1. Tell me, which residue of region 1-52 that is aromatic (Phe, Trp, Tyr) and either more than 30 Å from Gln97 (Cβ to Cβ) or without any contact (Cβ under 8 Å) to a residue 24 or more places away in the chain (or both) is nearest to the ligand (Cβ to nearest atom)?
2. Any residue that is closer than 20 Å to Met44 by Cβ and either within 16 Å of the ligand (Cβ to nearest atom) or hydroxyl-bearing (Ser, Thr, Tyr) (or both) - is there at least one of those in region 113-126?
3. Could you go through region 141-155 and let me know if any residue there is crowded, with 16+ Cβ neighbours inside 10 Å and in contact with a Cys (Cβ under 9 Å, 6 or more places away or on another chain).
4. Please enumerate the residues belonging to region 174-192 that are loosely packed, with under 11 Cβ neighbours inside 10 Å and touching a residue at least 12 places away in the same chain (Cβ under 8 Å).
5. Gly297: open to solvent by less than 10 Å² (accessible area, probe 1.4 Å) and either small (Gly, Ala, Ser) or farther than 22 Å from Gly284 by Cα (or both), yes or no?
6. If you take the residues in region 236-247 that are modelled with pLDDT of 95 or more and over 17 Å from the mean Cα position of the chain (by Cα), which one is most open to solvent (accessible area, probe 1.4 Å)?
7. Does region 327-348 include one or more residues that are open to solvent by 60 Å² or more (accessible area, probe 1.4 Å), in contact with a helix residue (DSSP H, G or I) (Cβ under 6 Å, 6 or more places away or on another chain) and not charged (D, E, K, R)?
8. Go over the candidates Glu152, Glu162, Glu190 one by one and state the one that is in contact with a helix residue (DSSP H, G or I) (Cβ under 7 Å, 6 or more places away or on another chain) and of a type in the set (D, E, K, R).
Amino acid sequence: MLDYLVVGFGLAGLSFCEQLQKNNNSFVVITEEDKSSSVVAGGMYNPVILKRFTSPWNAIPQLEYAIPFYSKIQERLNTQFVSPFPVLRVFNTIEEQNNWLIASDKPNLAPFLATNFLKNTNSALITDNDFGVVKKAGRLQVAKLLKAYKDELQLKDRYLNEQFNYDDLIVNDDCVLYKGFIAKQIVFSEGYGMKLNPYFNYLPLNGTKGEVLLIKSAALNLDSIVKSGIFIIPLEEEHIYLVGATYHWDDKSWLVTNEAKIELIDKLNLVLNCDYTIVDQLAGIRPTVKDRRPLVGQHPIYKNMYVLNGLGTRGVMVAPTISNQLHDYIEKGNELDKEIDIVRFVGEYI
Ligand SMILES: Cc1cc2nc3c(=O)[nH]c(=O)nc-3n(C[C@H](O)[C@H](O)[C@H](O)COP(=O)(O)OP(=O)(O)OC[C@H]3O[C@@H](n4cnc5c(N)ncnc54)[C@H](O)[C@@H]3O)c2cc1C
């Protein structure tokens, strides 16, 4: 008998698999690959909300756990995924500069907000104003990480690329049965796909569609992430940048749209002063939740069934700590942080 079946292999599923590997638990992952928010993600980790210069939920402990977590996988798989990058925030007004300085005095933001502003020296960027520099930010190459991790799991016969059919699941008191597999527990980490999961679709996963462009520009020459109306993120491939992202709440399709393309180009043209070509456009649905906190915990009825979801807009920072919490909850009986425990929505389970 396996210890675990894991359904869905994005950042949530991968992080949980890493907890299982660290603890020598046996498992198999079953996942489709075509509807993944993680593959589309810019992969940025940034401990500051750059609209208002505030701190995201739990940013410091998340970052302190996440970077060594990914770095360890990076070492084991001998492939680089984690790249520290400063984020340059283009100031639009003097008031914004003042707000930045006020924020930089706060203990949870002081480690991240540099108090010396930078002058723009890049003629490809249109701005007369200074930049604020966010320290300790960077990028995780999520698609590359998923691919390398999948290769490792395949070598161990732990990865199945297929749709999970909920009708074929049999849940007993002491185990779950699925198409010839027997496992003590099952963990669902399907991202927005959870909407079709009859066991957990009572949870208030809203979903926020996002689209990004990949552009090529030999003239841009950026070695930092730039945040103006949009993010411009240098990628590993020479002269290629990721531009994004959009936020749309009504459209729940995984298809790219012309509307998003125009929105991104309009924002890009406000800040870029150089030629570029669009080489690709990608779309995904972020697993966002009504109260903006992850969805973690045990099914209200089936005690060997768990969920790890609701990573929202910051999956890179959030996934490692919550996967650790879920594993400690199941294996050691530790309590879950009340803010992430799905018990908070038990009233919505009928
Ligand atoms: C445009 C965009 C940009 C983003 N940028 C960033 C960023 O810069 N930084 C950041 O931290 N976050 C970013 N995010 C958010 C981030 O992508 C998510 O928080 C995170 O990837 C969610 O991971 P997940 O594993 O929960 O879901 P997913 O990555 O969606 O993975 C779920 C997996 O489960 C599979 N699945 C679902 N149902 C089934 C089923 N029935 N059977 C089998 N498999 C199934 C899916 O196919 C998928 O592979 C961005 C998101 C978008 C859309």
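1. Phe9
2. No, every residue in region 113-126 fails to be closer than 20 Å to Met44 by Cβ and either within 16 Å of the ligand (Cβ to nearest atom) or hydroxyl-bearing (Ser, Thr, Tyr) (or both).
3. Among the residues of region 141-155, at least one is crowded, with 16+ Cβ neighbours inside 10 Å and in contact with a Cys (Cβ under 9 Å, 6 or more places away or on another chain), which makes the answer yes.
4. Asp174
5. yes
6. His239
7. There is at least one residue in region 327-348 that is open to solvent by 60 Å² or more (accessible area, probe 1.4 Å), in contact with a helix residue (DSSP H, G or I) (Cβ under 6 Å, 6 or more places away or on another chain) and not charged (D, E, K, R).
8. Glu152
The values are calculated or read from the model by the stated rules, or taken from the named source; none is laboratory data. Quick caveat: nothing in here was measured; it's all calculated off a predicted structure. Cβ sites come from the backbone with ideal geometry, for glycine too, and all protein chains shown count toward neighbours. Accessible surface is based on the protein model in full, side chains and every heavy atom, while ligands, DNA and RNA are left aside. Shrake-Rupley method; radii C 1.70, N 1.55, O 1.52, S 1.80 Å.
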